[in-house]
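Participant: Here's a structure for you.
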Amino acid sequence: MQEFEEPYREIFWMRTFGELSFAEIAAIHKKSESWARVTYHRAKMKIKEELK
């Protein structure tokens, strides 16, 4: 996880451990809620790949 580039690592941590909503994450990054959802999904997929 340390090797993941931003924003994947940050979004994953904000959602998983910070328990922020996608709307809150989007507001912090000044992006859309869809962007936050897609970025989080991609981060999860990267983690799954690393665990294989």
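Participant: Carbon-plus-sulfur fraction of the accessible area of the chain, 1.4 Å probe, in percent?
Facilitator: Roughly 53 percent of what the probe reaches on the chain is carbon or sulfur.
Participant: In whole Hz, with x marking every Gly and Pro, tabulate ³J(HN,Hα) for the range 33-46 from phi via Karplus 6.51 cos²θ - 1.76 cosθ + 1.60, θ = phi - 60°.
Facilitator: The phi angles translate into 5, 4, 4, 4, 5, 5, 5, 5, 4, 5, 5, 4, 5, 5 Hz.
Participant: Per residue, how much accessible area does the chain show when a 1.4 Å probe rolls over the protein heavy atoms, in square angstrom?
Facilitator: Per-residue accessible area for the chain comes out at 73 Å².
Participant: To continue, here is another question. For the range 6-20, what does the Karplus curve 6.51 cos²θ - 1.76 cosθ + 1.60, with θ = phi - 60°, yield as ³J(HN,Hα) per residue in whole Hz, taken in order and with x for Gly and Pro?
Facilitator: 6, x, 4, 4, 5, 4, 4, 5, 4, 6, 7, 9, x, 6, 7
Participant: Short version: ³J(HN,Hα) in whole Hz for each residue of the range 22-28, in order, from phi by Karplus 6.51 cos²θ - 1.76 cosθ + 1.60 (θ = phi - 60°), x for Gly and Pro, what are they?
Facilitator: Ordered by residue, 3J(HN,Hα) equals 5, 5, 5, 4, 4, 5, 4 Hz.
Participant: If you don't mind, another one. If I model a spin label at ARG42 and ALA23 as a point 7 Å from the Cα along the Cα→Cβ vector, what separation in nanometres do I get?
Facilitator: 2.4 nm
Participant: Here is a further query. For LEU20, what residues show an amide H to amide H distance below 5 Å, using hydrogens built from the backbone and excluding near sequence neighbours?
Facilitator: Counting only residues 5 or more places away or on other chains, the set is ARG15.
The values are calculated or read from the model by the stated rules, or taken from the named source; none is laboratory data. Keep in mind it's a predicted model, so treat the numbers as computed, not measured. All Cβ positions, glycine included, derive from the backbone under ideal geometry; neighbour counts span all protein chains shown. Accessible surface areas use protein heavy atoms only, side chains included; no ligands, DNA or RNA. Shrake-Rupley method; radii C 1.70, N 1.55, O 1.52, S 1.80 Å.
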